[in-house]
Amino acid sequence: MKKGNIYQGTVEYVDFPNKAYVAVESNDEDNGKKVIVKNSIPRQKVEFMLNKKKKDKYEGRLIKVLEKSPLETVEPCNHFGICGGCVYQTMDYMEQVQLKQKQVKNILDKVINNNYEFEGIVSSPISEAYRNKMEYSFGDEIKEGPLALGLHKRNTTYDIVSVNSCKIVHDDFNLILMTVLNYFKEKNIPYLHKVTHKGYLRHLLVRRATKTKQILVDIVTTTQLQYDMVELGEILKKLPLTGEIVGFLHTFNDTLADVVKNESTKVIYGRDYIEEELLGLKFKISAFSFFQTNSLGAERLYSKAREYLGDTKDKIVFDLYSGTGTIAQILAPFAKKVIGVEIVEEAVKSAKMNAILNGLNNCDFIADDVLKALDNITDKPDLVVLDPPRDGLHPKALKKIGEDFNVAKIIYISCKPTSLARDLVELKKYGYEVRRACCVDMFPGTVHIETCCLLSRIK
Ligand code: SAH
């Protein structure tokens, strides 16, 4: 096979997260060769260009889908294929969850060499309009084109697609997005150009609680202009939304990195947080604190964690990587004490405030790196819950957890099963074996998946 040449083939299977293996169809010796082509679906016939070749490992870039897969029975949104999200959205939802659970089981089976129960997948209660948060970027759809506001185009760094009919959010998001976009277009306000660092508009952050329908809107800009957001606030107030905008904010951010970051925030009207409910508890969520993006899915994930932990009466539980402390608070009513550790101070502040709001006085939250905090906590845990970021546990933190704690059970929640697999191998060295595992789909339409494992100590 030759780099730069165009080939055709059929997708045989897809490994997590989006590595499709295409069997080449040709009349020569290339027939049957396997090439990885990202963002394809099992049984699609695709055309691709070979762009990487290392020994007998081939990779190609998808050019077009020649024949749909029989698994594709759903009409996609208008932005499908252009927008970088929701690769699986044309698949029936039941097919999506089957595929994801098979991918995760393959990964786990390779590293777990004892008997364990793989319980399959818990689906999301809703597979559309499930997200409670979106971070949209200002930019343009083509170089020097008109103002755009939305998500990044697939395989591009700068181009934005205005996602006015995205299906994974409630229509309130789409209406707010288009209103804000049209407003700034009309006013001719420039977006921040990522190369020259000149401009004003950066991001639009929208949070909408699924249970309470409270909405928070935050416009993130640089300080290169002084623009009064009051008029836009008045326009937003009059929108026929099904939820209610309880706060409209203006955040200033002059950092160079392309991240939604808070340097200072002005409340234009209302307040700077929304309330959401999970499993009967209330949580105040500010613009920038971490909160699971699928509220109804999070209830299922946390219920699973609680089920795996079993009896927590009279036990001390550590919730490591606790974010806004949701897991800690869900466990607290059934435990002697729960200690959460989280590195982002704002999240720890919210966690403490939420615990008070929920009348829980047996939760402690520590703002620190897990690695450091473990040296300073005097309490000894009976049970540990781990919910680290994508890359998994820091090797030194893992060693500490493995060596220092002699806990009966560890619950490991992971949003990246490949990192999880690597950590499971290490935890086994300290005597922790996986007993039960399952997936929880928090991200319908996309390639992402959460995995929850119960580990027990064997020696
Ligand atoms: N358990 C929470 C959040 C999990 S996300 C929930 O379900 O909502 C992972 C969290 O780990 C993030 O909030 C992130 O800020 C935090 N984090 C990342 N690195 C960390 C570290 N070294 N020490 C402590 N917390 C960390």
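So the check is Cβ under 8 Å with 6+ separation or different chains; which pairs have a first residue in segment 94-110 that's surrounded by fewer than 15 Cβ atoms within 10 Å (Cβ to Cβ) and a second one that's assigned to a helix (DSSP H, G or I)?
110/421
Out of the residues in segment 232-244 meeting the condition of being in contact with a helix residue (DSSP H, G or I) (Cβ under 8 Å, 6 or more places away or on another chain) and in a helix (DSSP H, G or I), tell me which one is surrounded by the fewest Cβ atoms within 10 Å (Cβ to Cβ).
Across segment 232-244, the extreme among qualifying residues is 235.
Restricting attention to segment 340-357, which residues are within 7 Å of the ligand (Cβ to nearest atom) and touching a helix residue (DSSP H, G or I) at 6+ places or on another chain (Cβ under 9 Å)? Write out each step before concluding.
Of segment 340-357, the ones within 7 Å of the ligand (Cβ to nearest atom) are 341-344, 347.
Listed by number, the residues that qualify are 341, 342, 343.
Working only within segment 301-329, note down all residues that are part of a strand (DSSP E or B) and either within 15 Å of the ligand (Cβ to nearest atom) or within 25 Å of residue 120 (Cβ to Cβ) (or both).
Quick first cut of segment 301-329, residues part of a strand (DSSP E or B) only: 316-320.
317, 318, 319, 320 - these are the residues of segment 301-329 that are part of a strand (DSSP E or B) and either within 15 Å of the ligand (Cβ to nearest atom) or within 25 Å of residue 120 (Cβ to Cβ) (or both).
Of all residues in segment 217-231, count the ones that are in a strand (DSSP E or B) and among the aliphatic types (A, V, I, L, M). Before you say what the answer is, go through the steps one by one.
Filtering segment 217-231 down to residues in a strand (DSSP E or B) leaves 217-221.
This time we only want the ones that are among the aliphatic types (A, V, I, L, M), so: 217, 219-220.
Total meeting the criteria: 3.
Can you tell me which residues in segment 19-49 are of a type in the set (Val, Ile, Thr) and not in a strand (DSSP E or B)? Give the derivation first.
To start, the set of residues in segment 19-49 that are of a type in the set (Val, Ile, Thr) comprises 22, 24, 35-37, 41, 46.
Residue satisfying the conditions is 41 alone.
I'd like to know if segment 330-339 contains one or more residues that are away from the ligand (no atom under 15 Å from the Cβ) and part of a strand (DSSP E or B).
So far as segment 330-339 goes, yes, one or more of its residues are away from the ligand (no atom under 15 Å from the Cβ) and part of a strand (DSSP E or B).
Okay, residues lined up against (1) in a loop (DSSP other than H, G, I, E, B); (2) over 25 Å from residue 298 (Cβ atoms):
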| site | (1), (2) |
| --- | --- |
| 424 | no, no |
| 428 | no, yes |
| 442 | yes, no |
| 447 | yes, no |
| 454 | no, no |
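One line per residue, one yes/no per condition, for (1) under 30 Å from residue 129 (Cβ atoms); (2) touching a residue at least 40 places away in the same chain (Cβ under 8 Å):
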| residue | (1), (2) |
| --- | --- |
| 318 | no, yes |
| 336 | no, no |
| 342 | yes, no |
| 372 | no, no |
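Give the number of residues within segment 384-400 that are near the ligand (Cβ under 9 Å from one of its atoms), assigned to a helix (DSSP H, G or I) and charged (D, E, K, R).
Of the residues in segment 384-400, 0 are near the ligand (Cβ under 9 Å from one of its atoms), assigned to a helix (DSSP H, G or I) and charged (D, E, K, R).
Among the candidates 443, 405, which residue alone is over 30 Å from residue 38 (Cα atoms) and aromatic (Phe, Trp, Tyr)? Step through it out loud before you land on a result.
Details: 443 fails: over 30 Å from residue 38 (Cα atoms).
Sole residue among the options that is over 30 Å from residue 38 (Cα atoms) and aromatic (Phe, Trp, Tyr): 405.
Given the options 2, 34, 54, 45, name the one that is more than 20 Å from residue 93 (Cβ to Cβ), without any contact (Cβ under 8 Å) to a residue 12 or more places away in the chain and not acidic (Asp, Glu).
Details: 2 fails: without any contact (Cβ under 8 Å) to a residue 12 or more places away in the chain; 34 fails: without any contact (Cβ under 8 Å) to a residue 12 or more places away in the chain; 45 fails: without any contact (Cβ under 8 Å) to a residue 12 or more places away in the chain.
Sole residue among the options that is more than 20 Å from residue 93 (Cβ to Cβ), without any contact (Cβ under 8 Å) to a residue 12 or more places away in the chain and not acidic (Asp, Glu): 54.
Could you please tell me which pairs satisfy a Cβ distance under 8 Å, a separation of 6+ or placement on different chains, a first residue in segment 376-395 that is farther than 24 Å from residue 419 by Cβ, and a second residue that is among the charged types (D, E, K, R) and surrounded by 12 or more Cβ atoms within 10 Å (Cβ to Cβ)?
The qualifying pairs are 376/368; 379/337; 382/315.
Looking at segment 358-377, which of the residues that are in a helix (DSSP H, G or I) and surrounded by 15 or more Cβ atoms within 10 Å (Cβ to Cβ) is nearest to the ligand (Cβ to nearest atom)? Before you say what the answer is, go through the steps one by one.
Of segment 358-377, the ones in a helix (DSSP H, G or I) are 370-376.
Adding the requirement that they be surrounded by 15 or more Cβ atoms within 10 Å (Cβ to Cβ) leaves 370-371, 373-374.
Values: 370: 4, 371: 6, 373: 7, 374: 10 Å.
That would be 370.
Could you list, in sequence order, the residues of segment 169-212 that are closer than 15 Å to residue 144 by Cα and among the β-branched types (Val, Ile, Thr)?
189, 195, 196, listed by residue number.
I'm trying to understand the selection: among the residues of segment 342-357, which are touching a Ser or Thr at 6+ places or on another chain (Cβ under 6 Å) and outside any helix (DSSP H, G or I)? Give the steps one after another, and end with the answer.
Looking only at segment 342-357, we keep the residues that are touching a Ser or Thr at 6+ places or on another chain (Cβ under 6 Å), and these are 342, 346-347, 350-351.
Across segment 342-357, the qualifying residue is only 342.
Condition test on residue 380, is it surrounded by fewer than 21 Cβ atoms within 10 Å (Cβ to Cβ), outside any strand (DSSP E or B) and within 13 Å of the ligand (Cβ to nearest atom)? Show your work before the answer.
Working: surrounded by fewer than 21 Cβ atoms within 10 Å (Cβ to Cβ): yes; outside any strand (DSSP E or B): yes; within 13 Å of the ligand (Cβ to nearest atom): no.
Taking the combined requirement at face value, the residue does not satisfy it.
Yes or no, residue by residue, for (1) assigned to a loop (DSSP other than H, G, I, E, B); (2) modelled with pLDDT of 95 or more; (3) more than 30 Å from residue 181 (Cβ to Cβ):
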position	(1), (2), (3)
59	no, yes, yes
77	yes, yes, no
85	yes, no, no
107	no, yes, yes
110	no, yes, yes
115	yes, yes, yes
121	no, yes, yes
127	yes, yes, no
136	no, yes, no
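Of all residues in segment 401-441, which are of a type in the set (Phe, Trp, Tyr), buried (at least 21 other Cβ atoms within 10 Å of the Cβ) and more than 16 Å from the ligand (Cβ to nearest atom)? Give the derivation first.
Residues of segment 401-441 of a type in the set (Phe, Trp, Tyr): 405, 412, 430, 432.
Still in the list and also buried (at least 21 other Cβ atoms within 10 Å of the Cβ): 412, 432.
Passing the criteria: only 432.
The values are calculated or read from the model by the stated rules, or taken from the named source; none is laboratory data. Note that the structure is predicted; figures quoted are calculated from it, not measured. All Cβ positions, glycine included, derive from the backbone under ideal geometry; neighbour counts span all protein chains shown.
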